Structures are given as structure tokens and as C-alpha cells.
Amino acid sequence: MRSRRLLTVVAALAGLVLTGGTASSAVSSHSDFRPPADSLRALAAPIGLRLGTAAVPSELAAYGQIIGDQFSVVTPGNEMKWQLVEPTQGTYDWSGGDNLIAFARAHDQLVRGHTLAWHNQLPTWLTDGVTNGTISDEQLRALLHKHVTDEVTHFRGKIWQWDVANEFFTDSTPSQLNPNDFWVRHLGPGILEDVFRWARAADPHAILCYNDYNIAGEDGSNAKADAVYAWAKQALAHRVPLDCIGDQGHLDTQYGFSGPLMQQDLQRYADLGLKVAITEADVRTFVNNATDNVPTDHLAVFAQPFEYDQMLKACLFVRQCLSFTIWGLTDASSWIPAVFAGEGYALIYDVNLNPKPAYTVLQQDLRLANGSAPRRPGTGH
Ligand code: XIL
């Protein structure tokens, strides 16, 4: 028993060193911060996995203690998107990202940068200019190049993983690189490769990810997973500096979900030599109202933590799955009710900031992943 414990401690220390080592090649996080021993981040540390959350400034201010205690990587919910960093052409506002990075430093966390090339949350000066013809496609390409270069340069050395490109594939069956995507329509399909080259040139050490939803079999069909897999394989053959695939992991209890399929799909990306990450996990369901977030179907109270459990296990089983990030902390401030009418209850803390069953399930999974199930006695009497 004693030697088993010692082994566990040694393994834990090795894991910590490994995590720190992986991180310090790209970014450093120095602080004396010590998370609680039973926190998600502490339980994930021995196997080198990082548990993460997304946060906007008001959430950092209101829930900073939990965010610091429980998570070892943070993502800005909005503050690194083009609309927020360059609201007026030529005038940058990096304050949201800089503040998150300062918070992360103080709490010994890494940062996922999100996101450089996306069709959503673009500044109106840019979209208006394209619509009214004052910005030509050639100028648009130069503007995107400048945006990627300036943003990655500003945050160079401080970002662990960048979501370089977000949501470029269609939801159809079969899926394909979306010809109607804002960037593809104006700049051609090669733009998805170029943004990675530009990002690498500006920060040679950050892990560069392609990020999307429903690309690990969430809909059961694997259509989008197949398309992203084929693209990633081709991009690597073209020597594109693609390091990682981020699967957002937005689930809804009204649809089916297969954890083993997600595991297979993550492993398939990993077998290309890529790292993988769950980047925006949440599991929504129908609720009584957007304030209280009480599920209307009592079985959803069981389905919701089950899907979290299956998603985390899919990541745990894949060695190259580096981080598991949840898109927010509490149901009180999730993006879900504003976007999916009638739905909520998507996160792991309730509206009163109490940990939900999903929290407990993740904690149990991480404990087991540490090899902490007690060993059975032998077969004798
Ligand atoms: C969401 C934010 O959480 C909201 O605050 C914002 O209004 C819209 O965007 N996929 C993504 C994220 O990649 O950037 C989105 O974040 C959620 C879906």
C-alpha cells in the first residue's frame, strides 16, 4: 500500500514536471498559486491534462476565485475576437486579452487564444467595407494578414494554443470546406492554409489549432469529422503549420451522443501527428426559464452529466488530448439561453454557483484517471 502511494506521488510529480515542461517551451506561467488538492485542475495535473474554462471580464471579476482554483487554462470568451480587438480600423484594444493573461499568470494558468479567422464577430468597418465595395478582395487579404500578424505578435510568448481558424466547414452531409464562408468566398479555399502560415510566422512556439463544432462525431454521422480529417491530412502534406484540432464539444441532450465515437475521431486526428483538445464543452437541455435553469425533463439531470463524463473520457483515452475546456463556468452567465431558445443548464456550476452533478462526475473521472481506484484484495478467502 505504502509503495503504491509513493508511486502515485512520484507519478504525480512527474506529471507536474511534464505539464510544466510542455508549457514552458512556449509560454511560462510563474506564480506561487496553489490550487485546492481536490480541484479539477489539481486532479488533472498528474496526467498532464489541463482543465479549462472560457471567461469574459465580468466573469473573471465575479467568479475569479473559482476560475483560479479549478482551472489550469483559460480562454477569453470574446476579448481576442477581431470585433473587440479592432473596433475602429487601425485602433487596437488589447486590454481584454492582456487582463486575462495577467489573471492567468497570477493563477498559474495557460491561455488559449480564440480566435483569429472566423466569419462571426467581425468589426462592422470590415464587413461594411466589403459589402459596399470600398474594401476589395485583395485589400481584404492584406487586412486579414495584418490582423493575424499583429494579434499573434502582440500576444507572442503568452498563448499556449491559438484557435487560428474557426468553423470553416459546412454542416451538410457530406461536409466540405464551406464555399460560402466569408473568408473562402472572398479569398478562396487556400486562405485556410495561409492563416496558419501567417500565425506561425508571428509566433513560432504557439500550438496552432483548427477549431470547429461537431467534428468528433457529435451528430453520429461523422460527416464533418471526415471533411476536417481529409483537409487536415492534405494541409499537413502541404506543410501547413497545423499542430492541433480543437473540437468545440457543444452538446445538447435532445440529440444522441457517442463518447466512443468521439474518442475514435480524436484518435484519428492524433494519428496524423496532431494534438487535439476539447475547446468549448457544454451540454445544454430544455429548461423552465433562462434565469433558474431547471431542466424540464427530469431525465436531463442524468443525461447532462453523462455526456460530460463521456466527453471527458474520450479526451482522457487519447494521449494527445491536451486540454478539456468548458465554455463558461455557471449557468447564470452561459451563452446558451441567448442563442438556443428555451435551453440552458449547460455548464458545471448552477445559477447559485454550486457545483452540479456534472462537476462531481468530472472530478470522479479525473480521480480514476490518476489510477486512484482502490486495488481489490486477491481472489483468496
Ligand atoms: C460566443 C460567446 O460566448 C458569446 O458571448 C458571443 O455573444 C458569441 O460567441 N463557438 C465559438 C465561440 O467559437 O466563440 C462562441 O462564443 C460560441 C460558439
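Couple of notes before you dig in:
Conditions (1) open to solvent by 40 Å² or more (accessible area, probe 1.4 Å); (2) among the acidic types (Asp, Glu); (3) within 16 Å of the ligand (Cβ to nearest atom), marked per residue:
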| site | (1), (2), (3) |
| --- | --- |
| Ala165 | no, no, yes |
| Gln176 | yes, no, no |
| Ala199 | no, no, no |
| Ile215 | no, no, yes |
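- Test: residue in the range 351-360 that is assigned to a loop (DSSP other than H, G, I, E, B), basic (Lys, Arg) and in contact with a helix residue (DSSP H, G or I) (Cβ under 9 Å, 6 or more places away or on another chain): yes
- The residues of the range 261-320 that are within 16 Å of the ligand (Cβ to nearest atom), among the charged types (D, E, K, R) and farther than 27 Å from Ile207 by Cα amount to a single one, Arg284.
- Strands (runs of 3 or more DSSP E) lying entirely in the range 249-346 (those with 2 or more residues that are open to solvent by 20 Å² or more (accessible area, probe 1.4 Å)): 275-286
- Pick from the range 47-61, criterion touching a residue at least 12 places away in the same chain (Cβ under 8 Å) and more than 18 Å from Ala277 (Cβ to Cβ), ranking: surrounded by the most Cβ atoms within 10 Å (Cβ to Cβ): Leu60
- Residues that are more than 10 Å from the ligand (Cβ to nearest atom) and more than 14 Å from Asn99 (Cα to Cα), drawn from the range 69-83: Asp69, Gln70, Phe71, Ser72, Val73, Trp82
- Residue tally, condition within 16 Å of the ligand (Cβ to nearest atom) and open to solvent by 30 Å² or more (accessible area, probe 1.4 Å), over the range 86-117: 1
Each row is one residue, and each column tells you yes or no for (1) open to solvent by 40 Å² or more (accessible area, probe 1.4 Å); (2) within 18 Å of the chain's Cα centre (by Cα); (3) within 16 Å of the ligand (Cβ to nearest atom).
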residue: Glu193; (1), (2), (3): no, no, no
residue: Asn211; (1), (2), (3): no, yes, yes
residue: Asp226; (1), (2), (3): yes, no, no
residue: His238; (1), (2), (3): yes, no, no
residue: Gly246; (1), (2), (3): no, yes, yes
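- Being crowded, with 16+ Cβ neighbours inside 10 Å, at pLDDT 95 or above and of a type in the set (Gly, Ala, Ser) is a condition met by at least one residue of the range 123-130.
- Residue that is nearest to Leu266 (Cα to Cα), among those in the range 206-245 that are without any contact (Cβ under 8 Å) to a residue 24 or more places away in the chain and part of a helix (DSSP H, G or I): Ala230
- Residues of the range 207-256 classified as among the aromatic types (Phe, Trp, Tyr) and over 30 Å from Ala300 (Cα atoms), total: 3
- Selection of the range 65-87 for residues being in contact with a helix residue (DSSP H, G or I) (Cβ under 7 Å, 6 or more places away or on another chain) and not in a loop (DSSP other than H, G, I, E, B) yields Ile67, Gln70, Val74, Pro76, Trp82, Leu84, Val85.
- Check on Leu329, at pLDDT 95 or above, within 16 Å of the chain's Cα centre (by Cα) and more than 14 Å from the ligand (Cβ to nearest atom): no
- Test: residue in the range 139-158 that is in contact with a Phe, Trp or Tyr (Cβ under 6 Å, 6 or more places away or on another chain), closer than 22 Å to Cys209 by Cβ, open to solvent by less than 30 Å² (accessible area, probe 1.4 Å) and part of a strand (DSSP E or B): no
- Within the range 347-367, considering residues that are aliphatic (A, V, I, L, M) and in contact with a Leu (Cβ under 9 Å, 6 or more places away or on another chain), the one surrounded by the fewest Cβ atoms within 10 Å (Cβ to Cβ): Leu353
- Residues of the range 150-163 classified as away from the ligand (no atom under 16 Å from the Cβ) and closer than 29 Å to Lys224 by Cα, total: 2
The values are calculated or read from the model by the stated rules, or taken from the named source; none is laboratory data. Fair warning: this is a prediction, and the values are worked out from it, not measured in the lab. Virtual Cβ from ideal backbone geometry, glycine too; neighbours counted across all protein chains shown. When the accessible area is computed, the model is the full protein with side chains, heavy atoms only, and any ligands, DNA or RNA have been set aside. Shrake-Rupley method; radii C 1.70, N 1.55, O 1.52, S 1.80 Å.
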